[in-house]
Amino acid sequence: MLSANKVRTNVYLDAEIKAKAQAIFKQYGLGLSEAFNIFLAQSVMERGIPFEVKLPNKETLAAMEDARLSRNLEHVTLEQLQDEIKLTQNV
């Protein structure tokens, strides 16, 4: 449970990421302060960052760069994805 004893703090955020995050939190009925408090509470409970933080490997970095540059992309339909999911569920 969060304490009623509150303090004000300043945090420098990337404006675009902040706006995108606020839109997501709004769907949960949360403001930025509530979302940060949840993150901090989970950090305390986990005694660390409450999710895995990893650096991408070379293959992932290359795929990310390809996506940014629209290289090596393949058009896939929703039906193809659904068929692939069905195949993997039957294995």
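How far apart, in nanometres, would the label points at Ser43 and His75 be if each is projected 7 angstrom from Cα along the Cα-to-Cβ direction?
Placing both labels 7 Å along Cα→Cβ, they lie 4.6 nm apart.
For the chain, set up a Gaussian network in which alpha carbons nearer than 10 Å are linked by springs, and say which option among Glu65, Glu46, Glu34 fluctuates the most.
Glu65
Less than 15 Å Cβ to Cβ from Leu32, Lys/Arg counted +1 and Asp/Glu -1: what total charge do the surrounding residues give?
Details: positive: Lys6, Arg8, Lys18, Lys20, Lys26; negative: Asp14, Glu16, Glu34.
That sum, taken over residues with Cβ under 15 Å, equals +2.
Among Ala19, Leu73, Ala63, which residue has its Cα furthest toward the positive end of the charge dipole of the chain, with +1 on Lys/Arg Cβ and -1 on Asp/Glu Cβ?
Result: Ala19.
Once you mark the trypsin sites (Lys or Arg not before Pro) that are in a DSSP loop and have at most 16 other Cβ atoms within 10 Å, what is the longest gap between them in the chain? Write down the numbers at each step before the final one.
Details: sites that count: Lys6, Arg8, Arg47, Lys54, Arg71.
That gives 9-46 as the longest site-free run.
How big is D, in µm² s⁻¹, for the chain by Stokes-Einstein at 25 °C and 0.890 mPa s if Rh is the Kirkwood radius over C-alpha pairs? Walk me through the numbers before you get to the answer.
Details: Rh = 17.7 Å.
Rounded to a whole number, D works out at 138 µm²/s.
Do the sum for the chain: with -39,500 (n - 2.57) for every DSSP H run of n ≥ 4, divided by all residues, what is the mean residue ellipticity at 222 nm, to the nearest 500 deg cm²/dmol? Could you put the intermediate results ahead of the total?
On the way: 4 runs with 51 residues, N = 91.
Dividing the helical sum by the residues of the chain leaves -17500 deg cm²/dmol.
Since every read-out is calculated from the coordinates, none of them should be taken as a lab result. Bear in mind the structure is a predicted one, so any value in this text is a computation, not a measurement. Neighbour counts run over all protein chains shown; Cβ positions are idealised from the backbone, glycine included.
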